[in-house]
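Remarks on the structure that follows.
The values are calculated or read from the model by the stated rules, or taken from the named source; none is laboratory data. In this text the structure is predicted, and so the values were computed from the model without any measurement. We place every Cβ from the backbone using ideal geometry, glycine too, and count neighbours over all the protein chains shown. We work out accessible area using only protein heavy atoms, side chains counted, and drop any ligands, DNA or RNA first. Shrake-Rupley method; radii C 1.70, N 1.55, O 1.52, S 1.80 Å.
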2 protein chains.
Amino acid sequence: MKIAVLAPVAWRTPPRHYGPWEQMASNLTEGLVEAGLEVTLFATGDSLTSGKLDAVIAQGYEENRNQDAKVVECLHISNLMEKAGSFDLIHNHYDFLPLSYTGLIKTPMITTIHGFSSEKIIPVYQKYNSRGHYVSISDSDRHPSLQYLKTIYNGIDPSGFEFKETPEDYLLFFGRIHPDKGTAEAIQIAIQSNKRLVIAGIIQDQEYFNSRVAPFLNADIEFVGAAGPAARSQLLKQALALLHPISFEEPFGLSVAEAMICGTPVVAFNRGAMPELIKDQETGFLVSNVDEAVAALEKIDMIDRKTCREWALGRFSQETMVKDYISLYHHILTI
Amino acid sequence: MKIAVLAPVAWRTPPRHYGPWEQMASNLTEGLVEAGLEVTLFATGDSLTSGKLDAVIAQGYEENRNQDAKVVECLHISNLMEKAGSFDLIHNHYDFLPLSYTGLIKTPMITTIHGFSSEKIIPVYQKYNSRGHYVSISDSDRHPSLQYLKTIYNGIDPSGFEFKETPEDYLLFFGRIHPDKGTAEAIQIAIQSNKRLVIAGIIQDQEYFNSRVAPFLNADIEFVGAAGPAARSQLLKQALALLHPISFEEPFGLSVAEAMICGTPVVAFNRGAMPELIKDQETGFLVSNVDEAVAALEKIDMIDRKTCREWALGRFSQETMVKDYISLYHHILTI
């Protein structure tokens with residue numbers, strides 16, 4: 001089976017530090033290659049894959065700002081579309097724009113919807129409702145007006161996330177520094193719990209960082225910047241708990257799944273996909289506010305870190321994701 | 001001959017006040033219909049045409065800001081591309097994105113390049129250099145790396161621009177209020193010439209308006225806001241001269257041609273297409289700075305307003321433009 005995987009070109013695939021969509025395009029591609037499929041990854045020229053790489057854009061538009069994102073994306077997408085006839089199936093991880101080319105090609109396309117940046121993009125998904133073959137990354141992220149083939153959770157390669165039974169004594173915030181992700185709330189939770197906090201992630205909202213994060217940094221509230229794969233695994237596995245006090249309907253939450261694979265429980269605000277990701281009281285706590293998070297942390301020792309890992313491996317492994325997608329490919333090619 | 005004209009969807013076609021690309025898509029469509037071609041105009045739903053209108057977007061994204069421009073444009077463009085087989089030829093007035101679909105359709109497409117918003121968009125034009133069938137709107141706007149079929153100047157319907165032999169005693173600035181267009185320089189020219197100035201146009205740069213325009217407004221420097229077709233014709237034909245002190249390589253300059261059709265000479269900074277639009281010393285003056293513009297205005301009476309009109313009608317009429325495009329269509333369909 002010849003598959004074209006269309007990755008975003010914001011970042012390299014896999015990303016150096018941040019880029020969850022690119023990460024998933026990579027995890028899937030590598031898993032498909034291992035499963036014996038013939039896979040061409042359409043991504044930036046500096047991307048790494050054991051499949052075949054096809055690139056017309058040297059670097060991601062977030063990594064080389066001397067490019068126009070709109071230009072880069074239409075060159076990247078049209079490059080694949082013009083070669084559509086060489087593939088049995090296209091797997092789109094690039095948001096809505098590729099859908100608008102699918103009326104002009106014969107090769108079927110599956111679209112994993114990694115999230116809706118705005119309600120305003122829904123009309124494109126609606127137009128291609130049957131042709132788009134949509135996959136949701138959580139049940140919570142499904143839009144009521146769209147048809148989905150299946151929910152397939154993001155799958156993580158566990159070899160990158162070692163289990164650690166005995167953590168160190170710090171809490172971890174891991175994610176973009178942005179109000180959505182609740183960096184400021186994480187700081188409040190740590191202060192009220194009288195615990196050390198490590199903050200890792202790219203600064204996506206500099207103003208927020210300056211006003212809500214920077215003033216609190218000290219020996220106990222430490223900002224370590226963006227963490228690449230090796231540092232991420234270390235930070236996650238050694239943490240007493242991951243704090244995830246989000247203020248938006250997060251469609252998935254990669255770091256939540258990755259933390260649990262390391263054995264680290266998660267204290268999260270109960271929004272978006274969190275109830276699908278976390279088994280409340282068993283792999284962490286679903287809470288509503290800072291006070292509840294502080295209370296939950298007092299009971300964090302009751303969480304068995306082995307249970308966290310088993311739960312997460314069962315639901316969020318690369319192996320499961322790849323198997324699910326391959327069976328979907330067969331389904332699409334026979335209908 | 002069945003032609004699809006792809007207009008932008010920033011504004012209505014024709015525009016209510018501002019929208020030169022939409023204006024040209026309209027002028028061309030109406031002229032083609034009159035010439036007996038079967039024309040479908042792809043534009044916003046509120047557009048007006050004597051051809052057939054095909055619209056999936058009710059209003060332009062500049063007129064209804066509750067839309068995502070990227071969403072609107074891909075729905076609009078794909079709507080045409082999915083119907084490409086119904087047309088002998090597509091005439092693209094919508095910048096570079098439609099090019100990226102042309103590898104997937106059989107119908108040939110002509111692209112009128114109305115201007116390059118940035119050097120960063122050139123790679124798309126380069127990729128589709130042969131398939132795009134490019135037309136430049138002035139020789140000066142040609143990019144050295146691109147192949148062009150022809151330069152065809154924007155064509156104006158003269159019925160909308162009455163000739164006036166004896167002007168009133170004011171200078172006119174007509175265009176977007178933006179540093180590119182030199183509103184501030186026009187004010188300086190008027191002050192130093194001791195003449196009244198009327199400023200008409202949409203405010204595209206509010207900060208610039210606040211700091212460089214608003215402080216100078218008084219009984220002699222009047223801002224009248226955006227001017228629709230009727231007001232535009234009045235303002236242009238009664239002016240002693242149009243001031244066009246641009247600070248960018250303007251690819252054409254509709255108001256310059258429209259002014260001359262009314263008989264109004266133009267004093268312009270000698271950049272972009274200005275030497276193609278204005279016959280120096282005969283239909284206006286090509287100058288380099290404010291002082292030269294002031295000196296030119298002292299000689300404005302030597303310009304014969306009839307010569308302005310004749311010159312402009314010969315080069316910038318809708319009739320000429322339509323004839324040139326039709327012969328290009330025949331050329332494309334026989335190669």
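Do we find that A:E207 is at negative phi and outside any helix (DSSP H, G or I) in this structure?
No, not satisfied.
I'd like to verify a number: residues in segment A:82-95 that are of a type in the set (D, E, K, R), touching a helix residue (DSSP H, G or I) at 6+ places or on another chain (Cβ under 9 Å) and in contact (Cβ under 8 Å) with a residue 40 or more places away in the chain, how many?
At the first step, the residues of segment A:82-95 found to be of a type in the set (D, E, K, R) are A:82-83, A:88, A:95.
Now narrow it down to the ones that are touching a helix residue (DSSP H, G or I) at 6+ places or on another chain (Cβ under 9 Å): A:82, A:88, A:95.
Filter again for in contact (Cβ under 8 Å) with a residue 40 or more places away in the chain, leaving A:88, A:95.
Residues in segment A:82-95 being of a type in the set (D, E, K, R), touching a helix residue (DSSP H, G or I) at 6+ places or on another chain (Cβ under 9 Å) and in contact (Cβ under 8 Å) with a residue 40 or more places away in the chain: 2 in total.
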>> Among the residues in segment A:18-32, are any of a type in the set (F, W, Y), in contact with a strand residue (DSSP E or B) (Cβ under 9 Å, 6 or more places away or on another chain) and open to solvent by 10 Å² or more (accessible area, probe 1.4 Å)?
In response: yes
> Is it the case that segment B:96-105 has a residue that's within 13 Å of chain A (Cβ to nearest Cβ), in contact (Cβ under 8 Å) with a residue 40 or more places away in the chain, in contact with a Phe, Trp or Tyr (Cβ under 8 Å, 6 or more places away or on another chain) and of a type outside the set (D, E)?
Replying inline: no
> Taking interchain pairs and intrachain pairs at least six residues apart, which have beta carbon atoms under 6 angstrom, with the first residue in segment A:106-131 and away from chain B (no Cβ under 11 Å) and the second surrounded by fewer than 14 Cβ atoms within 10 Å (Cβ to Cβ)?
Replying inline: A:N129/A:Q147
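Residue under question is B:K127, and the condition is that it be open to solvent by 10 Å² or more (accessible area, probe 1.4 Å) and closer than 23 Å to B:Q318 by Cα; does it hold?
no
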> Which one of these is among the charged types (D, E, K, R) and either open to solvent by less than 10 Å² (accessible area, probe 1.4 Å) or under 27 Å from A:S255 (Cα atoms) (or both): A:D180, A:D88?
Replying inline: A:D180
> Which pairs have Cβ atoms under 8 Å, sit 6 or more apart or on different chains, and link a residue in segment B:240-253 that is among the β-branched types (V, I, T) to one that is modelled with pLDDT of 95 or more?
Replying inline: B:I246/B:D180; B:I246/B:K181; B:I246/B:G182; B:I246/B:A268; B:I246/B:F269; B:I246/B:R271; B:I246/B:G272; B:I246/B:M274
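Taking segment B:68-88, which residues are part of a loop (DSSP other than H, G, I, E, B), farther than 28 Å from B:Q204 by Cβ and within 11 Å of another protein chain (Cβ to nearest Cβ)?
B:E82, B:K83
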> Considering A:R12, A:R65, which residue is touching a residue at least 24 places away in the same chain (Cβ under 8 Å), assigned to a loop (DSSP other than H, G, I, E, B) and not assigned by TED's automatic domain parsing to the domain that holds A:E258?
Replying inline: A:R12
> Within segment A:238-269, which residues are modelled with pLDDT of 95 or more, open to solvent by 20 Å² or more (accessible area, probe 1.4 Å) and part of a helix (DSSP H, G or I)?
Replying inline: A:Q238
